[in-house]
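Let me begin by presenting the structure, written as C-alpha cells, before commenting on it.
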Amino acid sequence: MSSASDPGSASEPRASATEPLARIVDGPIDTDAVIAAVAGHDAGAVAVFLGTVRETAHPAAAAAAAPPARRVLFLEYEAYAPMAEAQMREIALALGREIGPCRVAIVHRVGRLELGETSVAIAVASAHRRIALAACAEAIERIKKTVPIWKKEHFEGGAVWIEGDPSAPEGRFEAPR
Amino acid sequence: MSAMRITVLYFAGLREKAGRAEAVEEVAPGTTAGALWEALRARPALAGAGAAVGLAVNGRWAGPDRVLADGDTLALLPPVSGG
C-alpha cells in the first residue's frame with residue numbers, strides 16, 4: 001500500500017489512480033485522512049471539496065414555497081451504501097479517464113448531521129492544478145446526480161425528504177448492450 | 001414455471017411510506033423491473049409514490065425494461081439528494 005515516498009502510515013487508507021477511496025461512513029469525516037489518502041510526492045496539487053450542513057432551507061424548496069425559507073435544525077442522510085460506494089468509485093475512475101491522471105478520495109457521511117458538519121469530503125491529487133480542480137468540481141456534480149444518497153431536512157415543525165432533479169441524469173442507466 | 005423471488009429495497013421517503021426497508025416479492029418469470037415497481041406503487045401503502053423513482057438491480061442502475069431473474073435485488077431509489 002504505502003510506499004516510502006508517501007506520507008502517513010500503512011494503516012491509513014490510500015487512493016491510487018486505479019483504486020480510488022470511496023466510502024460511506026456513519027461518523028464524523030476525518031478530512032485530514034481524506035487528503036492524506038491522495039497526497040503524494042508526485043502531486044503538484046490537491047483540490048478539496050467539503051459539503052457542509054447549511055442552516056437555510058434547500059434552494060429549490062425555498063423557491064417553490066411562498067413562506068419564508070425554513071431554518072434547518074439538522075439533516076439526516078441515508079444511503080444505499082454498497083451501491084453508493086460502487087457509484088462513487090466509478091465516478092472517480094471516470095474523472096481520471098475524462099479529465100486527466102489523478103487520485104481521488106470520496107467519503108460521504110450518513111446519519112444525523114448538525115449545522116456546519118461535513119457531509120461529504122472529496123480530495124483529488126494530480127500533478128497539475130487544473131486537473132485537480134476540474135476533477136474535484138465535477139466529482140461533486142456527479143455525486144449529487146447519480147449516487148444513491150438522500151437527505152432529510154429537519155426544521156422547526158416538521159421534516160421532509162429532499163428530492164433531487166428527477167430527470168434521469170445521463171450515465172445513470174445501464175449502457176445499452 | 002415457478003415464481004421468482006425478488007428482494008425489494010425501499011429508501012428514504014419511499015421506505016417511510018412503505019413502512020419497511022426490505023421485502024421479498026414473488027413474481028412471474030419474465031417480469032421487468034419497471035413492471036414490478038408499477039405493481040408495488042399500485043398498492044395502498046405506496047399510493048401517490050413518485051413516478052420519478054429510479055431502479056437498480058443488484059446494485060446497479062437499471063432501466064424499467066430490465067428483465068428480473070430469480071434472486072435479484074430490486075432497489076427503489078427516489079431522486080437522489082446527497083452531497
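Observations
- On the stretch given as segment B:22-49, residues that are under 21 Å from A:Glu163 (Cα atoms) and crowded, with 20+ Cβ neighbours inside 10 Å total 3.
- Selection within segment A:98-125 - touching an Asp or Glu at 6+ places or on another chain (Cβ under 6 Å) and closer than 21 Å to A:Tyr80 by Cβ: A:Val110, A:Gly111, A:Arg112
- Index of the failed condition, B:Gly19 passing every other in (1) exposed (fewer than 14 other Cβ atoms within 10 Å of the Cβ); (2) within 9 Å of chain A (Cβ to nearest Cβ); (3) not acidic (Asp, Glu): (2)
- All positions within segment B:2-45 that are free of Cβ contacts under 8 Å to residues at least 60 places away in the same chain and on the phi > 0 side of the Ramachandran plot: B:Gly19, B:Gly30
- Of all residues in segment A:61-81, those that are surrounded by fewer than 13 Cβ atoms within 10 Å (Cβ to Cβ) have Cβ atoms under 9 Å from Cβ atoms of residues that are at pLDDT 85 or above, 6 or more apart or on another chain, in A:Arg71/A:Glu55; A:Arg71/A:Thr56; A:Arg71/A:Phe155; A:Arg71/A:Glu156.
- Hits in segment B:18-34 (condition: of a type in the set (Gly, Ala, Ser) and touching a strand residue (DSSP E or B) at 6+ places or on another chain (Cβ under 8 Å)): B:Ala18, B:Ala21, B:Ala23, B:Ala28, B:Gly30, B:Ala33, B:Gly34
- Lone unmet requirement of (1) surrounded by fewer than 19 Cβ atoms within 10 Å (Cβ to Cβ); (2) more than 28 Å from B:Ala56 (Cα to Cα) for A:Ala132: (1)
- Among the residues of segment B:61-75, at least one is at the interface with chain A (Cβ under 9 Å from one of its Cβ atoms) and closer than 16 Å to B:Glu22 by Cα.
- Residue ID - farthest from the other protein chains (Cβ to nearest Cβ), chosen from residues in segment A:109-148 that are among the basic types (Lys, Arg) and closer than 18 Å to A:Leu75 by Cα: A:Arg112
The values are calculated or read from the model by the stated rules, or taken from the named source; none is laboratory data. A quick note: this is a predicted structure, and the numbers were derived from the prediction, not measured. So basically every Cβ, Gly included, is an ideal-geometry build from the backbone, and we count neighbours across all protein chains shown.
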